[in-house]
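Q: Okay, here's the structure, questions in a sec.
The values are calculated or read from the model by the stated rules, or taken from the named source; none is laboratory data. Please read all numbers here as calculations on a predicted model, not as lab measurements. In this analysis, Cβ positions are derived from the backbone assuming ideal geometry, glycine residues included, and neighbour counts consider all displayed protein chains. Please note that ligands, DNA and RNA were not included when accessible areas were found on the heavy atoms of the full protein model with its side chains. Shrake-Rupley method; radii C 1.70, N 1.55, O 1.52, S 1.80 Å.
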Amino acid sequence: MNHLAIDNLTFAYTPKHPTLKDVALKIPVDSWTLFYGASGSGKSTLMRLLAGLLPKYGGRILQGNIELPNGLTVAMMFQDPGMQFALDTPQHELEFALENLQLPANKMPARIEHALKFCGIEHLRDRQLATMSGGEQQRAALAVLVAMDTDILLLDEPFASIDNHNRTLLIQQLTLLQQKYHKTIIVADHDLHGYRGLAKQIIHFENQRAQLLDAAASDALLQSADQLAATVHHVKLPTASDQPILTLKKVVIEHGDQKLIMANDFSFFKNQTTLLTGATGTGKSSLFKAITHLAAYQGTIVYNDQDSQKIKPRRYAQQVGYVFQHAVDQFLSVTVKEELALSLKKGRNPYFDEDHLAAALKLLDLNKLQDRVVYSLSGGQQKKLQLLLMLMMGQPVLLLDEPFSGLDLHSLHNVVDLIKASQKVYPQTMIIISHQLEGLEKLIDRHVKLADCQLSYREEF
Amino acid sequence: MNPSFKLLLVLIIALEVSFTRHLTINLVLVAVAIIYLLTKRIRPRLFGWLFLMPLFPAIAVFITIAWFSPGHDYFYAWVLFSRIYVYVFTGAAITQTTSPLELTRSLEQNLHLPSKFAYGTLAAVNLIPRIKMAVKTIRAAGQMRGINLSWWSPMLYFKAILHAITWSDQLAQAMESHGYVEDRARTSVHQIALTARDWSILIISIILIQIITFALP
Amino acid sequence: MAKKNNKFHLRDIILLALVGIIFGVIYWAAAFMYNALTIVFTPLKLPMMGNDLTMGLWCMAGPMAGFMLKKPGAPFLGEFLGAAGEALIGDQWGAANLISGAVQGVASELGFTFTGYKHYDWLGAVSTTITTTIVTFAWDWFRNGYNKFGFKNVYYFSGRLLSMFFFCGVLVMLIERLLERSHVMKREEFND
């Protein structure tokens, strides 16, 4: 057998709601395959099934089965780079993995050397994993798989939080693993740009199904992804009449020992919606964490002419709101109704009176979900609810970290309409990090790009 | 000394001083622990911290016994005061000289602790920075919604436990993906030696402690 | 009900250690309470009251683990692995913590044993409150000189019982209710 056979598979985490339905696929070994689809479409689920982690860790196969070629080993690399190590340093994690495989001790050093060298991280071997960047962590994770000499490598959104440099390095190493060592490589991603010429086949996940695309369809998808990434929108630069609301003075933000952002005198302006872009891993989220005092920084962040550190935390939290990247981090209660009640009680955005709130819920398709547990909502529903809850709070400044990820285009337009309607009644300063740019033209007033540790205003995005 | 045996010795000491009231042995143990730490070149600042950190509870116990208890037993007050320092300095004699991984490996190899307990706990320990960050984020999420989540707030614990549930799931899967199988034999890259010397140190130490405790005033 | 699996797997162990560590982290954030209470109660000639009134906060991981996993051994492991975790990172109380962790673990475990591991409800909460109070008090009888306190032990014991009831009973039940309502511990949705 020279392929991974998925035969008429139906899998569900909860009864009656299959995540994958009647999936039939043959994934060839010794090749590179892409799993493509929106978040929540089942890519990650199929990977975990292939890795043997499911149904052991939840859910049930309701029908069909999965067969791997005899004797081939499988290992997985995960989306959250920091959440895949049991030990503290790459060296120790490599030792741990090889001990698990019952490799004799005298064979370990050579394997470890080879893996570290292959991934170019010899200099990081004794560094604390917790202080490394996402990109370095993913390279350490790949080193473990290389040392284990796994035949099938499953990578679940491995580039989601890493910088371009490390992404390029990883892709080179993976290509080498595939071509020279004949490994089977499967990568899941929701964004196809940059994969042209790499993947032999694309499997598209949608509506609980997964289908192998033919060559023409694959090529069209890859091409349009690259085109979309190159689409340009125009915005204005700041004008003399713009009033600064947040100013970074001699600010330096670091992660571990890596400098992310250096800003000598940089302002965000009042009542504007500013898009913040930059390659993944450059430190956009770190900037938000610094502004909200969740992460340490050097220098001064001035809010409304006052050193933000001199404002009482409780009062500052009423001035600057943070819409977290992970929607569940925003939730405090159990049901949708309770969450709404909390924001209604404490919120100060005058736009959200009873009628407008009811209309907003309907617009976002949340009106029939009032009794649902927030943690059981789909990713998209969680994102919409999260945004609504924070809009209702009405902080003068709102920082939004990937507020549109996982939303389909229809939902995205509705969310943008809601923000615009609220802003008309109650202007707010918004800074938005988003990799999704399509559909945002009418929302964005200014664009700031983060590159080479510097923030600068740009005329196009 | 073998890390497991060091731990064993310190546990025996802690248990023994908990059930005896003997000032001399407490002082001797503190002195020995300090000398041991000095030979291991521990930073002087740490000594200051080790001394100051338990001072408050130690004083509380002292004055309770010396001033506010029926017997006004000053001797016993000093015993309890010094006992706290026995715990702290002997404890430091392990934690400052043995890395978590060495201890884990030793417990796995020498005392045959099931590897799932050893590495499961170690994996959790390595998440401590994340746990602290998560607690901070939860409190910020609360403040931004107009509520202050204090240490007696169920919501704070609930949210933190939700993280723990997700993380335990992710970590266990990641460890399995790195070849870990529960209850299956593993090889060891570093053999942690358990020598006759370790046995002698353990036994002689225990005997010496008994002699001081029961033969000296 | 389907036959329950009483074995602890890797995931359970990581979870219990994490829960123990989380409670430890929050406890240390509230450690000033110990000092503040001690200062308040010293003029009242009850300096140990700070110890007794904060003791409940120290012992929450055990009952919480019991309520979460509903398996024999979970309360002990929740309390003990948390302490072990703190000892591993070089917490200054190190080894002494390990022993207190074991004592507290046994203490909260007993509460569930006495109710036959069937009462993950108020009865279980009250039961574990009582066993934890008695066992930890007995431990302090030797370790912290409570044998010398005479009649003041009535106050100390009451203070500790109150603290245990609030933290290990009421607060743990409130957290458990939130977890229960959000269905996050139902790892096996298909078990009926």
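Q: Give me Rg/Rg_expected for the range A:3-230, where Rg uses Cα atoms only and Rg_expected = 2.2 N^0.38 Å with N residues. Intermediate values should be presented prior to the final figure.
A: Numbers: Rg = 17.6 Å, N = 228, 2.2 N^0.38 = 17.3 Å.
Taking the Cα Rg and dividing by 2.2 N^0.38 Å, one obtains 1.02.
Q: Can you work out the FRET efficiency for the pair B:LYS40 and A:LYS362, with r the C-beta to C-beta distance and R0 = 45 Å, to the nearest 0.05? Let's see the in-between values first.
A: On the way: r = 68 Å, r/R0 = 1.51.
That gives a FRET efficiency of 0.10.
Q: Rounded to the nearest 100 Å², what is the buried accessible area between C and B, both sides summed, probe 1.4 Å? The partial results should precede the final answer.
A: Details: alone 10640 and 14360 Å², together 19110 Å².
Buried area (both sides, nearest 100 Å²): 5900 Å².
Q: Could you tell me which of the pairs A:LYS259/B:LYS159; A:LYS43/A:LYS117; A:LYS117/A:LYS183; A:LYS345/A:LYS384 are separated by over 24 angstrom between their Cα atoms in the structure shown?
A: Working: A:LYS259/B:LYS159 31 Å; A:LYS43/A:LYS117 31 Å; A:LYS117/A:LYS183 18 Å; A:LYS345/A:LYS384 19 Å.
Distance filter (> 24 Å) returns A:LYS259/B:LYS159; A:LYS43/A:LYS117.
Q: Okay, moving on. For chain C: lysine pairs with Cα atoms under 19 Å, gap of 8 or more or different chains, count?
A: 19
Q: List the lysines whose Cα sits under 23 Å from the Cα of B:LYS6, skipping any in the same chain fewer than 8 residues away.
A: The qualifying lysines are B:LYS40, B:LYS116.
Q: Is chain A best put as rounded, prolate or oblate by its Cα gyration tensor, with a ≥ b ≥ c the root eigenvalues, rounded for a/c under 1.5, and otherwise prolate when a/b is larger than b/c, oblate when not? Display every interim value, and only then the final one.
A: On the way: a/c = 1.91, a/b = 1.43, b/c = 1.34.
Taking the square roots of the gyration eigenvalues as a ≥ b ≥ c, chain A is prolate.
Q: Here's a follow-up. Going by alpha carbons, how many degrees (0 to 90, nearest 10) lie between the helix axis of C:172-181 and the longest principal axis of chain C?
A: The angle comes out near 20 degrees.
Q: Related question: Taking only the Cα atoms of the range A:211-291, how large is their convex hull per residue, in Å³? Walk me through the numbers before you get to the answer.
A: Details: hull volume 13.5 nm³, N = 81.
Dividing the Cα hull volume of the range A:211-291 by its residues yields 167 Å³.
Q: Label-point separation (nm) for A:GLN63 and A:GLU206, each offset 7 Å from Cα along Cα-to-Cβ?
A: It is 2.2 nm.
Q: Taking R0 as 45 Å, what FRET efficiency do you get between B:VAL181 and A:LYS337 from their Cβ-Cβ distance, rounded to the nearest 0.05? Can you show the working numbers first?
A: Values: r = 44 Å, r/R0 = 0.98.
So, using R0 = 45 Å, E works out to roughly 0.50.
Q: What is the sum of charges around A:GLN330, taking Lys and Arg as +1, Asp and Glu as -1, for the other residues whose C-beta is under 15 Å from the C-beta of A:GLN330?
A: Details: positive: A:LYS289, A:LYS346, A:LYS383, A:LYS384, B:LYS136, B:ARG139, B:ARG145, B:LYS159; negative: A:ASP329, A:GLU338, A:GLU339, A:ASP401, A:GLU402.
That works out to +3.
Q: Under a 5 Å amide H to amide H cut-off, with H placed in plane at 1.01 Å, what residues pair with A:ILE245 once short-range neighbours are removed?
A: So A:ILE245 has HN proximity to A:PHE268, A:PHE269, A:LYS270.
Q: Using protein chains only and a probe of 1.4 angstrom, how many square angstrom of A:HIS182 are accessible, to the nearest 10?
A: Spelled out: A:HIS182, probe radius 1.4 Å, area about 110 Å².
Q: Once you average over the residues of C:175-185, how many Cβ atoms of partner chains fall within 10 Å of each Cβ? Kindly include the intermediate steps, with their values, before the conclusion.
A: Values: counts 9, 4, 3, 10, 7, 1, 6, 10, 5, 9, 2.
Taking all residues of C:175-185 together, the mean is 6.
Q: Output the pairs from A:LYS383/A:LYS424; A:LYS56/A:LYS337; A:LYS337/A:LYS442; A:LYS56/A:LYS362 with a Cα-Cα distance over 29 Å in this structure; if there are none, say none.
A: A:LYS56/A:LYS337; A:LYS337/A:LYS442; A:LYS56/A:LYS362
Q: What is the mean number of Cβ atoms from other protein chains located within 10 Å of the Cβ atom of each residue in peptide B:11-18, rounded to a whole number? Walk me through the intermediate numbers first.
A: Working: counts 5, 1, 2, 8, 4, 0, 2, 8.
For this peptide, the per-residue mean of nearby foreign Cβ atoms is 4.
Q: Heads up, I need the accessible area for A:HIS356: 1.4 angstrom probe, whole protein in place, Å², nearest 10.
A: Its heavy atoms expose roughly 70 Å² to the probe.
Q: Between A and B, buried accessible area summed over both sides at probe 1.4 Å, in Å² to the nearest 100? Could you put the intermediate results ahead of the total?
A: Details: alone 22100 and 14360 Å², together 31850 Å².
What A and B bury together is about 4600 Å².
Q: So how much accessible area does C:ILE22 have, in Å² to the nearest 10, using a 1.4 Å probe?
A: Around 0 Å² of this residue is reachable by solvent.
Q: Keeping all protein chains in place and using 1.4 angstrom, which order do C:CYS168, A:CYS453 fall into by accessible surface area, from largest down?
A: A:CYS453, C:CYS168
Q: Where a Cα-Cα gap under 12 Å defines reach, which aspartates and glutamates qualify for A:LYS249, not counting those fewer than 8 residues away within the same chain?
A: Once the sequence-local aspartates and glutamates are set aside, what remains near A:LYS249 is A:ASP265, A:ASP305, A:ASP307.
Q: Over the residues of the range B:122-217, compute the C-alpha Rg and express it relative to 2.2 N^0.38 Å.
A: Numbers: Rg = 23.4 Å, N = 96, 2.2 N^0.38 = 12.5 Å.
Relative to the rule-of-thumb radius for its length, the range B:122-217 sits at 1.88.
Q: Continuing with the same structure: For the range A:402-433 and the range A:227-247, what is the separation of their Cα centres, given in Å?
A: With the range A:402-433 and the range A:227-247 each reduced to a Cα centre, they are spaced 17 Å.
Q: Equivalent-ellipsoid semi-axes (√(5λ), Cα gyration tensor) for the range B:115-177, whole Å, largest first? Could the numbers behind the result be given before it?
A: Numbers: eigenvalues 151, 22, 18 Å².
After scaling each eigenvalue by five and taking roots: 28, 10, 9 Å.
Q: FRET efficiency for B:ILE203 and A:LEU72, Cβ-Cβ distance as r, R0 = 41 Å, nearest 0.05?
A: With a Förster radius of 41 Å, E is 0.20.
Q: Can you sort C:PHE165, A:PHE96, C:PHE8 by solvent-accessible area, 1.4 Å probe, largest first? Spell out each step's value before the answer.
A: Values: C:PHE165 90, A:PHE96 0, C:PHE8 25 Å².
Largest accessible area first, the residues go C:PHE165, C:PHE8, A:PHE96.
Q: Which value, to two decimals, describes the C-alpha radius of gyration of the protein assembly as shown once divided by 2.2 N^0.38 Å? Numbers along the way, then the final one.
A: Numbers: Rg = 29.0 Å, N = 870, 2.2 N^0.38 = 28.8 Å.
Taking N as the residue count of the protein assembly as shown, the ratio is 1.01.
Q: Determine one quarter of the surface area of the Cα convex hull of the range A:33-105, which equals its mean projected area, and express it in nm² to one decimal.
A: Values: hull surface 28.1 nm².
For the range A:33-105, the mean projected area of the Cα convex hull comes to 7.0 nm².
Q: In nanometres, what is the gap between the two model label sites at B:MET53 and C:PHE166, each 7 Å from Cα along Cα-to-Cβ?
A: Simple spin-label model gives 2.7 nm for this pair.
Q: In peptide C:146-153, how many Cβ atoms from other protein chains are near each Cβ within 10 Å, on average?
A: Numbers: counts 4, 3, 12, 6, 4, 1, 4, 0.
For this peptide, the per-residue mean of nearby foreign Cβ atoms is 4.
Q: Further, regarding this structure: Which value in nm describes the separation of the simple spin-label points at B:ILE12 and A:GLN128, placed 7 Å from the Cα toward the beta carbon?
A: 3.5 nm
Q: When the label point is put 7 Å from the Cα of A:HIS182 along its Cα-to-beta-carbon vector, which residues of the range A:97-120 have a backbone N closer than 18 Å?
A: Counting only backbone N, you get no residues.
Q: Further question on the same structure: With all protein chains present and a 1.4 Å probe, how do A:LYS259, A:LYS383 order by accessible area, largest first?
A: Working: A:LYS259 95, A:LYS383 10 Å².
The most accessible residue leads, giving A:LYS259, A:LYS383.
Q: Treating the angle as unsigned and between 0 and 90°, give the value, to the nearest 10°, between the Cα long axis of helix C:32-41 and the longest Cα principal axis of chain C.
A: Here the helix axis deviates by roughly 40 degrees.
Q: Could you list the trypsin sites (Lys or Arg not before Pro) in the range A:36-121 that lie in coil according to DSSP, counting only those with at most 15 other Cβ atoms within 10 Å of their Cβ? Intermediate values should be presented prior to the final figure.
A: Numbers: sites: A:LYS43, A:ARG48, A:LYS56, A:ARG60, A:LYS107, A:ARG111, A:LYS117; in loops: A:LYS56.
Filter output for the range A:36-121: A:LYS56.
Q: Tell me the mean residue ellipticity at 222 nm calculated for the protein assembly as shown from its helices only (DSSP H runs of n ≥ 4, each -39500 (n - 2.57), averaged over every residue, nearest 500). All intermediate terms of the calculation are to be shown ahead of the outcome.
A: Values: 31 runs with 432 residues, N = 870.
For the protein assembly as shown, the value works out to -16000 deg cm²/dmol.
Q: So, one more: Tilt of helix C:10-29 relative to the longest C-alpha principal axis of chain C, in degrees (0 to 90, nearest 10)?
A: So the helix axis and the longest Cα principal axis differ by about 30 degrees.
Q: While we're looking at this one, here's another question. Send over the semi-axes of chain C's equivalent ellipsoid, whole angstrom and largest first, taken as the square roots of 5 times the C-alpha gyration tensor eigenvalues. Please report the intermediate quantities before stating the final value.
A: Values: eigenvalues 178, 62, 43 Å².
In descending order, the three semi-axes are 30, 18, 15 Å.
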